[in-house]
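Note sheet for the following structure.
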Amino acid sequence: MSEQLTVLRNTDLYAIEESTAYTLEDHTGASAIKIVDDTLDLNLNRSLLDSMYMTSNLGQDAPQAGMWADDLGGSLGFFLRGGASTPQPDQHVFLKCLFGTEDIQAADTVATGTLTTDQFSVTTAASHNAGNLIRVQTDTAVFSVAKVLSVASPLLNVWPPLLEDPANTDPIQAAYNYVLADTGHPTFSMYAFFEGSKRLAYAGCRPSSLNMTFEVGERIPMNWTFAGLTPYYDYTADGETPVYQTSPKPLITLGVDVAFTYADIVTGSPSTTETVLTAPNHETAVGDYLCVDVGSGVYEWQAITGVSGNAGANQTLDHAAFSSAATATETAYVKRVEGCAQTGAMLDLTVEHEVLPVNCITASYGKVASKYGKRTVTLNKNAYFRSWEEYYKRDNVVGAELMVIAGSTANNTFAMYSPNIINVEPSLSFDELMLNPTAMQAVRGTTTGNEAEIVFTYF
């Protein structure tokens, strides 16, 4: 009797960090991954060496099998989840192996002492690391996400400043931080069990790309490709009962905070309610926020209520009163909160990391390891086109910080931060509503703290 046809919907999928790189890790006790329909594609590609012989007939001799191909592995997709939970969210192993670092931050609280928006005391300063993101609940309806610039116990210095001054005992949410690193990337083993008794597994896997799309009203997909080193295909049943992530729920792209922050130079004779910026290369607008040093390195935010002057020329900003005026020649910061007119319905992120094989003439599979080569981080936004001024000036930015926050509850929030975003390709789309798609690249920053191209954190 012939074997039954295989139905792949009932597939158990596991990804486990390897304790010994490139060695298949036992999946016992690991949580299973809830993949999205039609996203799983696994291959056993192997190079074929063509026959080069001339024989007495016109047919070609059979080729010979060579090494396992460099793209051995596949692709899969699942939804982004926030929250530090057990089992950990599906993205946990993939992010750790792609970024190279995982810093688990325990919950903390604001403590008595210095309590300003950019510097405040905490109960356990030693558990915080520069470069990580933190989420501070300063009010029952207000929370802020900021990057830790430096730690000087009991103080944390953060950027961008919190939306309001913190108070003693304000909670700091537990978090998982992932910062793009240059070394130390672990490998993982991938298992797929199907039809109850068939196993396809890969050892020595590295993620080669990640794509995320924030699209209004939709869950946030994480689509991955990965390259493995050694394949295993046999009749081995899954000895585990799959345990899936059930809480928290996948995040939905509703009310996402997308904010660009630009550094500018103050000029003239600023007052507490009016500040002049020296020829910024962006078009400041009503509804943006201005941040200035009100003395002794203490920063305050105020909403901008009026603007005169265009990009490339001095811009005079009216705003609610600061406790003290800015000083000429100092740096001020404009936070551009991306409303519907700027961001439109989509923001797309892609991280690509080249996986290079390490080949060895004495290795059984021809390969002994893999290394990461160059990486690129690109973003695309699909803004609504409004005017030539919007196209040429306001969106033609040389460099800016970017913070994206999805979710709002204490145990289901995701944040993404980049210290330096450069627009590389703005264009126009002539549709029913004209769009101004803009391709951007995230690059390393140069200021205090960990300045990797991008930081991911889920709270």
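Bear in mind these aren't lab numbers, they're just calculated from the coordinates by the rules spelled out. Remember, it's a predicted structure, so these values are computed and weren't measured experimentally. Positions of Cβ are backbone-derived with ideal geometry, glycine not excepted, and every protein chain shown enters the neighbour counts.
Side notes on the structure shown:
- Between residue 330 and residue 69, the C-beta separation translates, for a Förster distance of 56 Å, into a calculated FRET efficiency of about 0.50.
- Extension gain, residue 278 back to residue 107 (0.36 nm per residue minus Cα-Cα distance, nm): 57.4 nm
- Dividing the mean sequence gap of close Cα pairs (under 8 Å, 6+ apart) by how many residues the chain holds gives a relative contact order of 16 percent.
- Take 29-36, 264-271 and order them by the average number of nearby Cβ atoms within 10 Å per residue, most first; the result is 29-36, 264-271.
- Options [x] 42.6, 170; [y] 44.0, 169; [z] 25.6, 94 - which one matches Rg and Dmax of the Cα atoms in Å as calculated here: [z]
- Added length on full extension, which subtracts the Cα-Cα distance from 0.36 nm per residue, residue 243 to residue 428: 61.9 nm
- Spin-label pair residue 409/residue 310, simplified geometry with 7 Å Cα→Cβ offset, distance in nm: 4.8
- Taking each residue as 0.36 nm, the span from residue 167 to residue 286 lengthens on full extension beyond its C-alpha to C-alpha distance by 39.9 nm.
- Rounded to whole Hz, the Karplus (6.51, -1.76, 1.60) HN-Hα couplings of region 44-57, x for glycine and proline: 10, 4, 9, 5, 10, 9, 4, 6, 10, 8, 9, 10, 7, 10
- Highest-first packing order for the peptide set 203-213, 291-301 is 203-213, 291-301, based on the mean count of other beta carbon atoms within 10 Å.
- Of the chymotrypsin sites (Phe, Trp or Tyr not before Pro) found in region 46-93, the ones in coil according to DSSP and having at most 11 other Cβ atoms within 10 Å of their Cβ are 53.
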